[in-house]
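For reference, the structure discussed in these notes is given below.
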Amino acid sequence: MQVKATELRKGMVLEKDNDLILITDYSHATPGNWRAIIQVKTKSLTSGQVGNFRPAAGDMFETAFLDKKKAQYLYKAANDDFIFMDDETYEQFTIVADLGADKMPYVRESDVIDVTFHGTTPIGIELPTNVTLEVVEAEMAVKGNTATNVKKDAVLETGQPIRVPLHIKAGERVVVNTDTGDFVGRAKD
């Protein structure tokens, strides 16, 4: 489907120069009686290269048809790629390390998550904003450190390090923001 440059939005995926381009930022300004200025920041979903361009208001772009499927995370391969299994067909597929590196520290083996496909090629993963994970290691709190917002180092069950408040102990379940990697709170389960 084709869209005008003025209809582009952050999060859209375009097919441009035989590549899939994710729009990471979009601004459209009309200063006074001048022509519109459109600035688009992008990231290639195949190479990871970041770029930007300034299209004219009437330029047309082809949007990519994307499909989301549920898939189970199986394991991390020796080359740091991630192996998943389609929940419906039970076929295994690989997501290269570059595409999942920022989100995978919050995924446990056998977790089911959404995987985005372009045709038959997996191009990314989607996690909920917050996930619940167990703290397996936590430093001991030092008595007398009672100032507000004092944090200590801890390690989640996935091996990801995190900063948590002093009252969190090993074995407790915590909620973590997958976008920032920050502690949100104790799990209510």
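Every read-out reported here was derived from the displayed coordinates using simple, explicitly stated rules and does not represent laboratory data. Note that the structure is a prediction, hence the values are computed from the model and not measured. Ideal geometry is used to build each Cβ from the backbone, glycine not excepted, and the neighbour counts take in all protein chains shown.
Largest GNM mean-square fluctuation among Y106, Y75, Y90, using the chain with Cα springs under 10 Å: Y90.
3J(HN,Hα) couplings calculated from phi for the range 16-24 with the Karplus curve 6.51 cos²θ - 1.76 cosθ + 1.60 (θ = phi - 60°) are, in sequence order, 9, 6, 6, 9, 9, 10, 8, 7, 9 Hz; Gly and Pro show x. Across the alpha-carbon atoms of the range 2-63, the computed radius of gyration and Dmax are 11.7, 39 angstrom. Computed on the chain, with alpha-carbon pairs under 8 angstrom and 6+ residues apart, the relative contact order is 14 percent. Over all other residues within a Cβ to Cβ distance under 10 Å of T132, the charged ones net out to +1, with Lys and Arg as +1 and Asp and Glu as -1.
When a/c reaches 1.5 or more, the comparison of a/b and b/c decides; with that in mind, is the range 67-126 rounded, prolate or oblate per its Cα gyration tensor? Judged from the Cα gyration tensor, the range 67-126 comes out rounded (a/c under 1.5). Of all lysines in the structure, those lying under 18 Å Cα to Cα from K41, and not within fewer than 8 positions of it along the same chain, are K4, K10, K16.
When you restrict to C-alpha pairs under 8 Å that are six or more residues apart and normalise by the size of the range 43-98, the relative contact order lands at 21 percent.
Taking 14 Å as the straight-line reach from the Cα of K188, the aspartates and glutamates in range (excluding those fewer than 8 positions away in the same chain) are E134, E172. Working note: Cα atoms of the chain, range along each principal axis, descending, whole Å: 64, 49, 29.
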